[in-house]
Amino acid sequence: MILQDNYSFSEAELQSLSRVYDVFLSTDEPSHSVQETKINLIRQAASFSADNIIFTDSDDCLHEDALKLHFDVLEQHDFSYSDQILINTDGELLGRCLFDNVNVPTKLEHYSALLYQNYCGLSALGFKKSALEKIDLNTLAQDSIAPDWMLATQALLNGAVAAQTARPVVYYRQHAANYFKSSHQPIDYYEKKLENLIVHLNNLNLPETRQYLVDCQNALKLLTSSSNPVRLLDNNKSWTHFPWFQDIFRFVQSSKAQLLEKGYQ
């Protein structure tokens, strides 16, 4: 079990888990950023003696059946991913899941499924150790802002096959730092997400995404140079449920006509 955000299990929690599973925990230095912690712990995972590696986040809550749900998938697949039940900062249910009304594939067999959006959040990700060992974990660059996305994509590039768990495995805590609403500084949000996506695409360095990388760079130029950037984002306000970065993909696509008018190719 890989635990990010430098959380320590209580003795009672460890005993509860250990009644059913052999559990080895790995944590990281408190001085590291969240992204550095994720990358360091993913790299550590390949050295474990375990058969399966389950990732989670300390401010989220694993479902009581999470490990079984992951292991049911990992019997036949290289890694598992899941929808996530939303809770608020107080741990109260919000009555919906992260990917409600989204057509999330139940199986991933080719990396093309993850080129423009990510369904594989680290809080709800499980891996066979044998699948991790096939990945060059040095491809997880220290400046990566979405190591879970990169990890799943690299696994698929190496021939891995993944499947979605039968039910959500985690309660995902929604707070200001990971939730976007149109009232939350939409211009800053899209600028930052575009910058992050450009880093991801540069690190991925696939022929299939080179034009998309150029489109993202041009969209960022358009957004930062526009005299009325809010107007560029009007069509995005209704996008309340989507896989990670699909909203940015939609924004880039909807901006193409204006990009051409501005002379960007």
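Every number here is computed from the coordinates shown, using simple stated rules; none is lab data. The shown structure was predicted, so the numbers you read here are calculated from the model rather than taken from an experiment. Note that each Cβ is placed from the backbone with ideal geometry, even for glycine, and that neighbours are counted across all protein chains shown.
Taking trypsin sites (Lys or Arg not before Pro) across segment 88-175, none is in a DSSP loop with at most 14 further Cβ atoms lying within 10 angstrom of its Cβ.
Take the Cβ atoms of ASN103 and ARG43, set R0 to 30 Å, and the FRET efficiency comes out at 0.35.
Take the Cα of SER254, step 7 Å toward its Cβ, do the same at SER33, and the gap between the two points is 2.9 nm.
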